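What follows is one structure encoded as structure tokens, with my remarks underneath.
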Amino acid sequence: SLLFQALFNLLIPDHTADAFSPPRLSEPGLWDLLLEQLLGGLSHWDAEHFLFIAERGYLYEHNCAFFPLYPLSVRAVAEGALWPLQRLLRLRSRLLLSAVLLNSLFSVLAAAALYKLGCVVLQCRRVAFLAAVLFSVSPANVFMAAAYSESMFAFLAFSAMWQLEKGQSWLSGLLFSLASGVRANGLINAGFFLYSHGKCFVLQLQVGSGSVRKLPLLWKQLLSVASSAVLTCAGIFLPFALFQYFAYVRFCGPGTGLEQTVPKPLLQLARDKGYHLAAVNGVKPAWCSQRFPLVYSYIQDAYWNVGFLRYFELRQIPNFLLALPVALLGSWAAWTYMIANPRHCLTLGLERRKSEEESKPRAGFCCPAVFVYVVHATVLLAFGFFCMHVQVLTRFLGSSSPVLYWFSAHLLQEYEPLLRSEEGTGNETMASRSEKSLLGKSVGSCGRGTSENPVVRLLMNCRLITPLSKCILGFFLSYWLLGLILHCNFLPWT
């Protein structure tokens, strides 16, 4: 990805887009220009906001649409690990390098967390391994590499889900809380805790339904479950609330003479573009007088016209076409799961069935444990389709839900004969053989071990695979490549 974006950025001239592009206040040196040639394609569109916040803080009102944990991390690495480079690179260049290094790390860790989560939930290492490999060529890949918060959010969200499945509630709550400090849609992850606690309580009631339960004991259990759920959910909402309070104090408080300390080029940019500065001349933004002064919802409404059905216009048809593949895949996943588990879906997975107690639960995408993840993905899909700029749906789902990768891996594994022929015998799965072969080889070795990667195997035999496999791999790889070509040259993309 890094190599291709540098190549495309060099060969294709950047499009002049009407996007946030603050002026550079210091003259770039030779090493700055070289870094810009190599990694400049990863600093476009919303990446400009994150890099600007990391450098200047929340100077403009609309910067508050981007949550603070990611830019703080970028600044910390730039001032810490990359501090020895300060004589060669200006701060802005070090921030860009820091973002690329962090996102490379977070993308790898997110793939590993997705694999571990899949092993626990799907109870099938083969499908979990294939899903993790598909994540590595995600259709949202360019946003995992660019100075965006997607890779960090994916790592925190998948890790939190994995820890919750392992029963590590407090560690999971901490990771979910950090995720909500990265992106606003992290708030919906509170549903995993509510469902987990509620399911445990309901199943406990069903176990003891045959005997007379003491009412005080029942109330004690209910109070314990409710208090635990409230505390964990409060922890998830805390970063969002603190950030809204910070924005309120900064933009709605008394004037602090900030205008005198802001460089003139940035003041001029604010005048030219109509950007609102923090606490200037005591003039407060309109949202400060609202009953619930939430800067995030105000910015989404006033700056980007985000709202229910607002994007349903004829001129937005190309953007709906861009989102069509992921929308169809997400809808197909939900439909497949509902058809395979109608009773489980109708009872919300809260019914203890005798078949589950007497035999081993079914493995794979259609197993009961996947229910809450399908609901989560469906809610995100519906909200993104009807209430957001629909073209962002690909990266919205690709960085938030494992279902996109689990279902794609399920389809490949179920309907691709080339993969079914490689399942092996006995208890050894293709995933375990792949890990053994790759771990057993030296770093410099090449050869047959690379073909154990299921995606590589399918690509090497692309003429033999089924049309369904071609469609799935075509979607992943075409969006992976088009994202690098278009996004890195300031052309519209997802």
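Bear in mind that the values in this text are calculations on the coordinates, not laboratory data. Since this is a predicted model, take the numbers as computed values, not measurements. All Cβ positions, glycine included, derive from the backbone under ideal geometry; neighbour counts span all protein chains shown.
Think of the range 238-352 as having a plus end and a minus end, set by charges on the Cβ of Lys, Arg, Asp and Glu; of PHE251, GLY330, PHE320, PHE251 sits farthest toward the positive end of this dipole.
Averaging over all projection directions, the Cα-based convex hull of the range 61-105 occupies 3.5 nm² in the image plane.
Mind ordering 102-113, 135-146 by average Cβ neighbours within 10 Å, highest first? Could the numbers behind the result be given before it?
Numbers: 102-113: 20.1, 135-146: 25.6.
Descending packing order for the listed peptides: 135-146, 102-113.
Exposure here means at most 16 other Cβ atoms within 10 Å; with GluC sites (Glu not before Pro) in a DSSP loop as sites, the longest stretch of the chain lacking them is 1-312.
Please list, in order, the residues from the range 1-38 whose amide nitrogen is less than 13 Å from a point placed 7 Å along the Cα→Cβ vector of LEU477. Within reach of a label on LEU477: no residues.
Across the chain, Cα-Cα pairs farther apart than 44 Å form 19% of the total. Each Lys and Arg Cβ is given +1 and each Asp and Glu Cβ -1; about its Cα centre, the chain then shows a dipole of about 960 debye. The long axis of helix 30-39 is offset from the longest Cα principal axis of the chain by roughly 40 degrees.
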